[in-house]
Amino acid sequence: MSDLSSTQPAPSTSNPLTIYLARLAPSSQLTMRYVLQDAADRLGFEDVDIEEIPWHGLQPEDVVALVAALRADGYAPNTSSLYVNAVRGVMNEAWRMSLISQDHLLKMRSVKGIAGTRLSQGRNLKRTLIHELMEVCAADPRPQGLRDAAVIALLYGTGMRKSESVDLDLSQVDFNERSLTVTGKGNKQLIKYAPAWAFAKLDAWLELRRSQLKEGESDDAFLFNRIRRGSHITRERITKHAIYYIARQRGTQVGVKIMPHDFRRSFITRVIEEHDLSIAQKLAHHSNIQTTANYDVRDDNERRRAVDRFDL
């Protein structure tokens, strides 16, 4: 691993790491900051603030060593690629700032993450399970019941990511068209459509929230609020961690371990089943149709039944 002790960090006003993170959506900033902090720790900077690290001094062999460490710890190929892409993003900014040469940048780009793929660990949430989730939410007399039902309805009914649901504002919802304008990956504006039953859950939640407002108070600009103990609806936007907690808690109530992304996987799988891969790609807003195909989480029994139909 190269010695960066003699390399001075870039000034904070022109730090490639700072500029790279600033280009990302707020939800992605948290993820990539964590990734870069872990990468820095693995590169020997455990006690150094990542803003103080001279990232432009990294060499290809450093990234090779990082990938090797991730492999030794059993990290999946996709996760390894995330780490490599994060470092590459910082190096791209270093090149734009003339801190490194184009030759240096090309050598850094030549290092790849761990090759290979892993089978999806996601779960296909069938319609019967979604009904059960709606029932446990309906049985909850607290405001969380209506809020959680609306969250689950939008995640499953539109296939949006949890970060997109967290960032949603009322101004982005068209109740007549049953559509929502979200900001997706790459800061792209996307239109998501939701079924009538999902909008009914959203309407029920918003009606309850508005009923709690004091006279003269205006409604919140965002869709989903944090709710504290004592069923107090705060004027604060929900967080991604809360979406994770909602999925896990409601899943536990129906006896199933659920992750937030399972709703998106299940949405895409159902569209593939009932329509086709091309429609699923458009609704998922994937640029590559293979990405959509990777979301198909139909189980082994379904695949076995498909093969069994091929009789002579």
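Since every read-out is calculated from the coordinates, none of them should be taken as a lab result. It should be emphasised that the depicted structure is a prediction, and the values quoted were computed from it without experimental measurement. Cβ placement follows ideal geometry from the backbone for every residue including glycine, while neighbour counts extend to all protein chains displayed.
Fewest-first ordering of Trp55, Trp205, Trp95 by other beta carbons within 10 Å of each residue's beta carbon gives Trp95, Trp205, Trp55. For the stretch 260-302, the equivalent ellipsoid derived from the Cα gyration tensor has semi-axes of 15, 12, 9 Å, listed largest first. One decimal place: the segment Arg298-Glu135 gains 56.3 nm when fully extended, by the rule 0.36 nm per residue minus the C-alpha distance. Note that the stretch 239-245 has calculated 3J(HN,Hα) couplings of 10, 4, 5, 5, 4, 4, 5 Hz, one per residue in order, obtained from phi through the Karplus relation 6.51 cos²θ - 1.76 cosθ + 1.60 (θ = phi - 60°); glycine and proline are x.
Based on the Cα gyration tensor of the stretch 12-109, what are the three equivalent ellipsoid semi-axes, each the root of five times an eigenvalue, rounded to whole Å and given largest first? Don't skip to the end; give the middle numbers.
On the way: eigenvalues 76, 51, 33 Å².
Working through the eigenvalues yields semi-axes of 20, 16, 13 Å.
Summed over qualifying helices (DSSP H, 4 residues or more, each -39500 (n - 2.57)) and divided by its residue number, the chain shows a 222 nm mean residue ellipticity of -16500 deg cm²/dmol.
Geometric descriptor of the stretch 191-276, per residue, is 140 Å³ (volume of the convex hull of the Cα atoms). Note on the stretch 127-299: Cα-only Rg and Dmax are 16.0, 53 Å.
Taking 29 Å as the cut-off for C-alpha to C-alpha distance, list the pairs among Lys112/Lys185; Lys201/Lys257; Lys126/Lys192; Lys126/Lys201; Lys126/Lys185; Lys107/Lys192 that go past it. Beyond 29 Å: Lys107/Lys192. Taking a ≥ b ≥ c as the square roots of the eigenvalues of the Cα gyration tensor of the chain, is the shape rounded (a/c under 1.5), prolate (a/b larger than b/c) or oblate? It is oblate, given that a/c is not under 1.5 and a/b is not larger than b/c. Label point of Arg71 set 7 angstrom out along Cα-Cβ; within the stretch 99-114, amide nitrogens under 16 Å from it belong to 110-114. FRET efficiency for the pair Lys257 and Glu177, taken as 1/(1 + (r/R0)^6) with r the Cβ-Cβ distance and R0 = 51 Å, rounds to 0.90.
Sorted fewest first by neighbouring Cβ atoms within 10 angstrom, Glu274, Glu61 come out as Glu274, Glu61. Taking other Cβ atoms within 10 Å as a rough exposure proxy, Glu135, Glu164 sort from fewest to most as Glu135, Glu164. Model label sites at Arg127 and Ala196, defined 7 Å from Cα along the beta-carbon direction, differ in position by 1.5 nm.
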